[in-house]
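Trainee: Would you mind keeping the following structure in view while I ask a few things?
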Amino acid sequence: MRPFAAPSLEVRPVGDRWVVEARGDLDVASAAELRHTLHELVVEGRVHFVLDLRQVGFLDSSGLGVLVAAQRKLRAFRGSLVLVTDESTATSQVVRVLGLTGLDRVLRRVDTLEEAVGA
């Protein structure tokens, strides 16, 4: 059995983007927190996001659903979503899941925060 890692979110502005850093698992137990955070930012008029997943150790279909819904919503508001992952860290599982589901072709993914902020 895999140990449970409760999610933690940190939100901060960087340039004209909002960086949402997630830590822990992004699964059925935690996806609602991320969904709510992103929704609140959009309601406030913030539509350019960098979602830093480098410290996410596990991603399931609930987490994927939040990512896809966020991408769809942000496109409707002419916003953007860039995922930051790093194949050499905990997010290697995240990268594998994105690849297996084909979402790596739909969601923009970069390796560093600097790349994402400059995107």
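The values are calculated or read from the model by the stated rules, or taken from the named source; none is laboratory data. Everything numeric here is computed off the predicted structure, so don't read it as measured data. In this analysis, Cβ positions are derived from the backbone assuming ideal geometry, glycine residues included, and neighbour counts consider all displayed protein chains.
Trainee: Has segment 51-59 got at least one residue that is more than 15 Å from Leu107 (Cβ to Cβ) and hydrophobic (A, V, I, L, M, F, W, C)?
Mentor: Yes; the residues of segment 51-59 include at least one that is more than 15 Å from Leu107 (Cβ to Cβ) and hydrophobic (A, V, I, L, M, F, W, C).
Trainee: Quick check on my filter: what residues within segment 10-46 are in contact with an Asp or Glu (Cβ under 9 Å, 6 or more places away or on another chain), part of a strand (DSSP E or B) and free of Cβ contacts under 8 Å to residues at least 40 places away in the same chain?
Mentor: Glu10, Val11, Arg12, Val20, Glu21, Ala22, Arg23, Asp25
Trainee: Filtering segment 76-113 down to residues that are in a helix (DSSP H, G or I) and closer than 20 Å to Arg46 by Cβ, which residue is modelled with the lowest pLDDT?
Mentor: Here the answer is Leu113.
Trainee: Could you identify the single residue in Gln93, Gln55, Gln71 that is touching a Phe, Trp or Tyr at 6+ places or on another chain (Cβ under 7 Å) and of a type in the set (S, T, N, Q)?
Mentor: The conditions single out Gln93.
Trainee: Taking Val56 as the residue in question, decide whether it is crowded, with 20+ Cβ neighbours inside 10 Å, modelled with pLDDT of 95 or more and hydrophobic (A, V, I, L, M, F, W, C).
Mentor: Details: crowded, with 20+ Cβ neighbours inside 10 Å: yes; modelled with pLDDT of 95 or more: no; hydrophobic (A, V, I, L, M, F, W, C): yes.
Here the answer is no, as Val56 does not meet what is asked.
Trainee: I've got another one for you. When the residues of segment 66-110 are filtered to those that are among the basic types (Lys, Arg) and either in contact with a His (Cβ under 8 Å, 6 or more places away or on another chain) or surrounded by fewer than 18 Cβ atoms within 10 Å (Cβ to Cβ) (or both), which remaining residue is farthest from His48 (Cα to Cα)?
Mentor: Arg96
Trainee: Kindly check whether there is at least one residue in segment 10-31 that is modelled with pLDDT under 95, polar (S, T, N, Q), surrounded by fewer than 19 Cβ atoms within 10 Å (Cβ to Cβ) and closer than 23 Å to Asp86 by Cβ.
Mentor: No - not one qualifying residue is present in segment 10-31.
Trainee: Of the residues in segment 98-119, how many are under 18 Å from Val14 (Cβ atoms) and small (Gly, Ala, Ser)?
Mentor: Within segment 98-119, residues that are under 18 Å from Val14 (Cβ atoms) and small (Gly, Ala, Ser) number 3.
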